[in-house]
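Bear in mind these aren't lab numbers, they're just calculated from the coordinates by the rules spelled out. Quick caveat, the model's predicted, so the values are computed rather than measured. Here the Cβ positions follow ideal geometry from the backbone for every residue, glycine too, while neighbour counts run over all protein chains shown.
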């Protein structure tokens, strides 16, 4: 059956950090540079600020039903059948994001590290590990997260320190040359590809132990992850320049290839790539786990593990078939996915809160 365990607020915060960094750290500088040019770092700051407002909104919604799961309180608000349809749509959103993340991981591995390896083999290997993680449950996911996240801190700090000496402030000047609109467009891309997806944590939030500062850990995790994205965007644009950043598929990987200390330490991009793979892996694992749990609760099944293998097979198949090449994938991510994220990450919670408020007010009036 679906696990009825509780995780600590600090563990929850670490999950939020890894989810926020996720695959965004690889492609986000490119998207921001394409839209905002040398003002990409400003777009990242505005985007993270807007994202934190969303996280505050999500925790407000989650605290309305602290003892009920997402699949329980949605039917309570919208009715049994409409509620189940909404939960199924939410499952489709998390499953679709899982497809995107698996494809992102496969593309990154085959382009940078394993060019001779079939993409399908990479997908099967990583999804096998993801499926095992989901089967072992949320408690084991957060324990593994606690082991990995110190290495994220260490290697990202090392990366920042090693490239700081190459910063060229002329690459981020003049400020606001393109105007405010491109900056806001870039900010929206950041929000839609990172923070709107945090709406999925509404499924996990009821399993967090209620403590005095529980809500602060959600915000703190998003802020810490967003901070990493801001610094990464600034370093990439200020060192490579806006034009080169916009033309690179993985600019932060290109930047890591330039790191060298005299003739002693060179080509440490392999170590840094491992950390980025870990962040994508955890985001994929969380999305896949939420997909399995959502579908299990909607169908009323007792054992969520039964759905892990069938969903994994479908996930691998769709991750290969839906996108013909990397250009098709990027076009989908920039033109179609933001609207989907907006629908599930903002409109659905707003409607949920509105309907709850109306029903509560009507109930009080009748009472």
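Looking at the chain as a GNM with Cα springs under 10 Å, which of 258, 207, 38 has the largest mean-square fluctuation?
258
Using Cα pairs under 8 angstrom and six or more residues apart, how large is the relative contact order of the stretch 133-254, in percent?
Relative contact order for the stretch 133-254 comes out at 41 percent.
Within a 10 angstrom radius of the beta carbon, how do 117, 194 rank from fewest other beta carbons to most?
Fewest-to-most Cβ neighbours within 10 Å comes out as 117, 194.
Assign one of three labels to the stretch 264-367, namely rounded, prolate or oblate, based on the Cα gyration tensor with a ≥ b ≥ c the square roots of its eigenvalues; rounded applies when a/c is under 1.5, prolate when it is not and a/b is larger than b/c, and oblate otherwise.
Cα axes put the stretch 264-367 in the prolate bin.
Against the empirical 2.2 N^0.38 Å scaling, what ratio does the C-alpha Rg of the stretch 47-158 come to? Each step should come with its number before you reach the end.
On the way: Rg = 18.4 Å, N = 112, 2.2 N^0.38 = 13.2 Å.
Normalised by 2.2 N^0.38 Å, the Cα Rg of the stretch 47-158 equals 1.40.
Springs between alpha-carbon atoms under 10 Å, Gaussian network over the chain: tell me which of 345, 300, 241 tops the mean-square fluctuations.
300
Just round it to a whole percent: the fraction of Cα-Cα distances in the stretch 1-45 exceeding 16 Å. Don't skip to the answer; put the middle values down first.
Working: 571 of 990 pairs.
Summing the P(r) of the stretch 1-45 above 16 Å gives 58 percent of all pairs.
Run the simple label-point estimate for residue 360 and residue 244 please: 7 Å along Cα→C-beta, distance reported in nm.
Modelled inter-label distance: 5.4 nm.
Just want the ordering: 169, 127, from fewest to most Cβ atoms lying within 10 Å of their own Cβ. Present the calculation step by step, with values, prior to reporting the outcome.
Values: 169 7, 127 23.
Lowest count first: 169, 127.
Calculate for the chain the 222 nm mean residue ellipticity that helices alone would give, adding -39,500 (n - 2.57) per DSSP H run of length 4 or more and normalising by residue count, nearest 500 deg cm²/dmol.
Details: 16 runs with 262 residues, N = 367.
Computed mean residue ellipticity for the chain: -24000 deg cm²/dmol.
Would you mind giving the three semi-axes, in whole Å and largest first, of the ellipsoid equivalent to the stretch 1-113 according to its Cα gyration tensor? Don't skip to the end; give the middle numbers.
Working: eigenvalues 197, 73, 50 Å².
Its equivalent ellipsoid spans semi-axes of 31, 19, 16 Å.
Among rounded, prolate and oblate, which fits the stretch 71-129 when a ≥ b ≥ c are the square roots of the eigenvalues of its C-alpha gyration tensor, a/c under 1.5 means rounded, and a/b larger than b/c means prolate?
Working: a/c = 5.28, a/b = 4.19, b/c = 1.26.
Prolate, since a/c reaches 1.5 and a/b exceeds b/c.
Could you tell me the relative contact order of the chain? Use alpha-carbon pairs under 8 Å, at least six residues apart, and round to a whole percent. Numbers along the way, then the final one.
Numbers: 479 pairs, mean separation 151.4, N = 367.
Reported relative contact order: 41 percent.
In what order do 45, 280 fall by count of nearby beta-carbon atoms within 10 Å, going from fewest to most?
Values: 45 18, 280 23.
Neighbour counts put them in this order, fewest first: 45, 280.
So if I restrict to the alpha-carbon atoms in the stretch 9-366, what is the Rg, and what is Dmax, the biggest pairwise distance, in Å?
Here Rg and the maximum Cα pair distance are 20.5, 78 Å.
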